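Below is one structure; the comments refer to it alone.
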Amino acid sequence: MILGAHVSGAAKIYETLDIAHGLGCDTMQIFSRSPQSWRRSAHTDEECREFILRRKKFKIGPVFIHIPYLINLASPDKRLYHGSISAYIEDMQEAQKLGADYIVTHMGSHKQTSEDAGIKRLIAALNKILEATKDSKVGILLENTAGSGSWLGYRFYHQHKVVKGLNDKSRVGLCLDTAHAYLAGYELRSKEGLEKMLDEIEEMVGLKLVKLIHLNDSAGKLGSHHDCHAHIGKGYIGKEGMKRIINHPKLKAIPMVIETPKTTADSDKENLNLIRKLAK
């Protein structure tokens, strides 16, 4: 099992590795900058070198970087759309300097235009990004969403359409968020519901493209579309549902990262320990 957490709260980016190591993480996810604002400065060469050194020392990998929330590659607003592409390219370049493996991204909001129009803009944006970073080894993972508002990605035919439209598919995969899937209407509490979702992913894009699982319980009801995570086993998916996901033969070799609430200083440790107990 390759298990880790989304790590935040460090003063320096390389200190996130100390936190992950302290939690016993095999893998980790971070924000490389503030998730709620545009870039103000880049990490220094020295900081990037120290990040690489500590990652090697602690044997943590893969390393995932979550893209900031302000970026919207499906926006009909031209200024936001083109600014998002430029910011994304900068983040890809910095991820390369940090030695990260993947950038995780929500698929964006079409802002009440249409899903097809939003997907078309997203494909065009990703083609520009992939071309601008064609010498990079950093991959891009499209994350499924809960489907609130006009967000894309709540059904896997969205990912199918995007991947189909890319000029270079070699560096693009999927991130499967369990809470988002449940909130979007996939019944993950039952064996039948889990199998149905996995069959859909296989048919639409292929399970081999799933490179990361965001292992989260859901604080909202099935199909409610309100994005809210819960501690493992304490949400609507429940302990048995989470155990079935963790141990599924098609999923258990995929890196899993928790994004569960940080209610106390020990929340991540408690969630990770429970997952290890639930794993066969």
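Quick look at the numbers
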item	result
Any pair with Cβ under 8 angstrom, 6 or more apart, that starts in the stretch 233-253 at a residue that is assigned to a helix (DSSP H, G or I) and ends at one that is polar (S, T, N, Q) and surrounded by 17 or more Cβ atoms within 10 Å (Cβ to Cβ)	M242/T178; I245/T178
Residue match in the stretch 241-248 (condition: touching a strand residue (DSSP E or B) at 6+ places or on another chain (Cβ under 9 Å), of a type in the set (K, R) and either farther than 17 Å from A146 by Cβ or buried (at least 18 other Cβ atoms within 10 Å of the Cβ) (or both))	no
Given (1) within 18 Å of V162 (Cα to Cα); (2) at pLDDT 95 or above; (3) of a type in the set (G, A, S), number of the condition G108 does not satisfy	(2)
Output for the stretch 224-248, where each listed residue is of a type in the set (S, T, Y) and within 19 Å of the chain's Cα centre (by Cα)	none
Residues satisfying the stated conditions in the stretch 90-107, i.e. part of a helix (DSSP H, G or I), touching a strand residue (DSSP E or B) at 6+ places or on another chain (Cβ under 9 Å) and of a type in the set (D, E)	D91, E94
Helices (runs of 4 or more DSSP H) enclosed by the stretch 108-207 - at least 3 residues per element that are crowded, with 20+ Cβ neighbours inside 10 Å and of a type in the set (A, V, I, L, M, F, W, C)	115-132, 178-183, 191-204
Residue satisfying condition, being of a type in the set (D, E, K, R) and touching a residue at least 60 places away in the same chain (Cβ under 8 Å), within set E143, E131	E143
Selection status of K208, among the basic types (K, R) and either touching a residue at least 12 places away in the same chain (Cβ under 8 Å) or over 20 Å from I140 (Cβ atoms) (or both)	no
Scope the stretch 211-232; condition part of a loop (DSSP other than H, G, I, E, B) and within 22 Å of D101 (Cβ to Cβ); matching residues	L215, N216
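The values are calculated or read from the model by the stated rules, or taken from the named source; none is laboratory data. Please read all numbers here as calculations on a predicted model, not as lab measurements. Glycine gets a Cβ as well: all are built from the backbone with ideal geometry, and neighbour counts include every protein chain shown.
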